[in-house]
Amino acid sequence: MSGNSAESTSSVDVVLVKGGRTKIRYAAELLSDDGTRIAVRAPWAGNAVRDFGFVRFEAGDVFTEYYWRDRWYAVKEVRDAAGALKGWYCDITRPATLSGGELVVEDLDLDLWRSADGTDVRRLDEDEFEESGLTERDPAAAAAAVTALDELEVLATAEGGLESLLE
């Protein structure tokens, strides 16, 4: 099988890289891999509650995460321990790679949040993106990242738009 196939495993390690270093690594259940989009499910991997003010990620939360090999983002559906939808957290990343049981994605700092009811759509970490120096180091990647954030924001504000990515 190719390095980008689901191979015969039902679990993978998700490896989020930022600034050339592993930011976080966690085990996830591989739900599907159609050759372009990879879907995994994992419990909240943080060591503690992460309160953003507009949403809290905490023990018991379940993330169903969608990664693409040809898109510059990942979309994570977040549900609480009882299964209630909290919303979608979208990371702007380089296209994902899956090889040897590792799903590797490079975080490019930009993020987008959409609440479950769709009333709260917000762009996040634009200051971190500017400070990262990506615009100077890799202008093409920076442009792709901004385009991806714009695309996700449009989808997040259209009825059923974000959800259409996950069907």
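The values are calculated or read from the model by the stated rules, or taken from the named source; none is laboratory data. What you see is a predicted model; the values in this text were computed from it and never measured. Note: ideal-geometry Cβ built from the backbone for every residue, glycine included; neighbour counts use all protein chains shown. What goes into the accessible areas is simple: the full protein's heavy atoms, side chains included, and nothing from ligands, DNA or RNA. Shrake-Rupley method; radii C 1.70, N 1.55, O 1.52, S 1.80 Å.
General observations
- Being within 23 Å of Asp13 (Cα to Cα) and either open to solvent by 60 Å² or more (accessible area, probe 1.4 Å) or not aliphatic (A, V, I, L, M) (or both) holds for only one residue in Asp125, Asp117, Asp61, and it is Asp61.
- Unique match (being among the hydrophobic types (A, V, I, L, M, F, W, C) and over 26 Å from Ala158 (Cβ atoms)) among Ala74, Ala81, Ala116, Ala96: Ala81
- Test: residue in the range 11-22 that is under 15 Å from Leu166 (Cβ atoms), out of contact with any strand residue (DSSP E or B) (no Cβ under 6 Å at 6 or more places or on another chain), among the charged types (D, E, K, R) and surrounded by fewer than 17 Cβ atoms within 10 Å (Cβ to Cβ): no
- Among the residues here, Glu163 qualifies as among the charged types (D, E, K, R) and without any contact (Cβ under 8 Å) to a residue 12 or more places away in the chain.
- When each of Glu128, Glu159 is tested for being assigned to a loop (DSSP other than H, G, I, E, B) and not small (Gly, Ala, Ser), the lone residue that passes is Glu159.
- Selected residue [within 24 Å of Asp61 (Cα to Cα), under 15 Å from the mean Cα position of the chain (by Cα) and in a helix (DSSP H, G or I)] from Leu112, Leu152, Leu103: Leu152
- Residues located in the range 23-52, provided they are assigned to a loop (DSSP other than H, G, I, E, B), closer than 14 Å to Tyr89 by Cα and out of contact with any strand residue (DSSP E or B) (no Cβ under 7 Å at 6 or more places or on another chain): Phe52
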